[in-house]
Amino acid sequence: MNNSVGSTGRVLWAGLRALLVLTVLCGVLYPLAVTGIAQAAFPGKANGSEVKDASGRVVGSALIGQTYLTGDKPDLRWFQPRPSNGLGTNTVNTQYRLILSGATNRSGDNPDLIQWVKDAKAAVVKDNSVPGHPVRPSDVPADAVTSSGSGLDPHISPRYARLQVHRVAARNHLTVAQVDRLVADHTDGRILGFIGEPRVNVLRLNLALKELAERQ
């Protein structure tokens, strides 16, 4: 009996020691080491790829898109991101403020998706047509009327950015050449020269637009 109790005690004590050691190693030392390396080597990415304005205030993340609205309508002074239908909306899950990210999960022939694309294209044509520069439906790129797989894409294509140039210039009392230069300066090329497509980060572009407009 005594041997049985002693053996059980030794097994329990060995298990407790293993638990304590693994807790310290995996729950304390390893996270601290990874966090320290990340902060030393990649501080921007480790802290969420924060984007700051000219005053140093954090205004968002380079990894997550934002809306630019006046009430519930697009604020046409700014470059607009791609749609963010994602997983839909409810009281706590709204566009670009998604608790869950994801695609619409609707097939290409889904009536709702088709109507969303038609409505989005009509809005893009209407919003970006300015006197002397009408936008045709054929000018509208796919990313202007469809959401990304995550629904949170912070980027748009250079084509969609250029489509908005005339409207943004008119609304901010800038020349088309000035705004076109902003787009060119904020267009990122393919990763390593061959991975992905050229892209424009909407938040960074709008921050540059704000600074330019304030200097006029």
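The values are calculated or read from the model by the stated rules, or taken from the named source; none is laboratory data. If you're wondering where the values come from, they're calculated on a predicted model, not measured in any experiment. So basically every Cβ, Gly included, is an ideal-geometry build from the backbone, and we count neighbours across all protein chains shown.
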I'd like the residue in segment 185-216 that is among the aliphatic types (A, V, I, L, M) and surrounded by fewer than 12 Cβ atoms within 10 Å (Cβ to Cβ) and, out of all such residues, is modelled with the highest pLDDT. Ile195
In the set Arg159, Arg199, which member is touching a residue at least 24 places away in the same chain (Cβ under 8 Å) and either out of contact with any helix residue (DSSP H, G or I) (no Cβ under 6 Å at 6 or more places or on another chain) or among the basic types (Lys, Arg) (or both)? Arg199
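From the set of residues in segment 82-100 that are outside any loop (DSSP other than H, G, I, E, B) and over 13 Å from the mean Cα position of the chain (by Cα), which is modelled with the highest pLDDT?
Ranking the qualifying residues of segment 82-100, first place goes to Thr94.
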Evaluate segment 54-63: report whether one residue or more is in the same structural domain as Ala169 (by TED's automatic domain parsing), charged (D, E, K, R) and either loosely packed, with under 15 Cβ neighbours inside 10 Å or closer than 30 Å to Ala213 by Cα (or both). yes
Just checking: which of the helices (runs of 4 or more DSSP H) contained wholly in segment 1-71 hold 1 or more residues that are out of contact with any Leu (no Cβ under 7 Å at 6 or more places or on another chain) and of a type in the set (Ser, Thr, Tyr)? 2-24, 30-41
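If a residue must be modelled with pLDDT of 95 or more, of a type in the set (A, V, I, L, M, F, W, C) and within 25 Å of Leu113 (Cα to Cα), how many such residues does segment 145-172 contain?
Adding up the residues that qualify gives 3.
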